[in-house]
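I have placed the structure first, in the form of structure tokens, so that the comments after it can refer back to it.
Read the figures in this text as sums done on the coordinates, not as results from a lab. For clarity, every value in this text was computed on a predicted model and none was experimentally measured. With ideal geometry, Cβ positions are generated from the backbone for all residues, glycine too; neighbour counts draw on all protein chains shown.
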Amino acid sequence: ETGVTQTPRHLVMGMTNKKSLKCEQHLGHNAMYWYKQSAKKPLELMFVYNFKEQTENNSVPSRFSPECPNSSHLFLHLHTLQPEDSALYLCASSQDFGDYSNQPQHFGDGTRLSIL
Amino acid sequence: ELKVEQNPLFLSMQEGKNYTIYCNYSTTSDRLYWYRQDPGKSLESLFVLLSNGAVKQEGRLMASLDTKARLSTLHITAAVHDLSATYFCAVDTLGEETSGSRLTFGEGTQLTVNP
């Protein structure tokens, strides 16, 4: 399998549930990202991991908890979410050299999350 | 705060026609990306523009970058139905305190090409 793979593709959960989104990249990249895509809004960067270390948390509420056990895997743990958290969550990866990148980020197909 | 504005946000055009999508941004950057997203699908990279005056072409799409004007354009020539999708521009800036690039996306332009 190549590219960036996200599971599950769709997730429906109640506000009191706990669930996790998974992302795996097979491109040998060293940086991984979580984005939120809501209707009628631009993609919002949530978290950045570089060599497994979190390098950015873009003021994301603590009900979203990322985990990056290695450079190929990224998780987003969810708990006590709100209805406004319903969105498409996209994972991306890239090769980051600590400077501007000459290569685009590669995106997964996303997880469509619905909060009841 | 960096702002990236695309216009138009919605574009309906006839097959065979030409049109241009504009992407304006508010801070200094000489790296800009164009992506395409089909409904229910991931973002697909179209163009990487790395310097002032850069022009890239692929099929019926041509992208350019003017860093002095902080403007990128995506020009569509003789549109076909298969080009119907949402097109995003994304501006690359370095993280303030951390290494590596950060992308700020425009809202996207939803293009519909009618037969």
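P(r) tail for the protein assembly as shown: Cα pairs beyond 27 Å make up 34% of the total. Cβ screening of chain A for cysteine pairs under 4.7 Å finds these without a partner: A:68.
About the centre of its Cα atoms, chain A shows a dipole size close to 480 debye [charges on the beta carbon of Lys, Arg (+1) and Asp, Glu (-1) only; nearest 20 debye].
Choose one answer from A:74, A:43, A:90: the residue with the largest mean-square fluctuation in a GNM of chain A with alpha-carbon springs under 10 Å. Checking each option, the largest mean-square fluctuation is seen for A:43. Scaling against 2.2 N^0.38 Å puts the C-alpha radius of gyration of the stretch A:40-99 at 1.19. About the centre of its Cα atoms, the protein assembly as shown shows a dipole size close to 460 debye [charges on the beta carbon of Lys, Arg (+1) and Asp, Glu (-1) only; nearest 20 debye]. Only Lys, Arg, Asp and Glu carry charge here, each on its Cβ (+1 for the first two, -1 for the last two); on that basis the stretch A:53-116 has a dipole of about 240 debye about its Cα centre.
Phi angles across the stretch B:58-74 convert, under the Karplus curve 6.51 cos²θ - 1.76 cosθ + 1.60 with θ = phi - 60°, into 3J(HN,Hα) values of 8, x, 8, 10, 9, 10, 9, 9, 10, 6, 5, 7, 6, 9, 10, 10, 10 Hz, Gly and Pro given as x. Checking every one of the chymotrypsin sites (Phe, Trp or Tyr not before Pro) in the stretch A:2-71 against DSSP loop status and a limit of 15 other Cβ atoms within 10 Å picks out A:51.
Where does the charge balance sit around residue B:53 when Lys and Arg score +1, Asp and Glu -1, over other residues with C-beta under 14 Å from its C-beta?
Working: positive: B:31, B:56, B:68, B:70; negative: B:30, B:66.
In short, +2.
Taking only the Cα atoms of the stretch B:21-74, the ratio Rg/Rh comes out at 0.99, with Rh defined as the Kirkwood radius. In the neighborhood of residue B:65, defined by Cβ-to-Cβ distances under 14 Å, what is the net charge if each Lys or Arg adds +1 and each Asp or Glu adds -1? Within the 14 Å Cβ shell, the charges total +1. Shape analysis of chain A places it in the prolate category; the axes a ≥ b ≥ c from the Cα gyration tensor give an a/c of at least 1.5, with a/b above b/c.
When Rg and the Kirkwood radius Rh are both evaluated on Cα atoms of chain B, their ratio Rg/Rh stands at 0.98. Between residue B:17 and residue B:55, what FRET efficiency comes out of the Förster formula 1/(1 + (r/R0)^6) with R0 = 22 Å and r the beta carbon distance, rounded to 0.05? Result of the calculation: an efficiency of 0.55.
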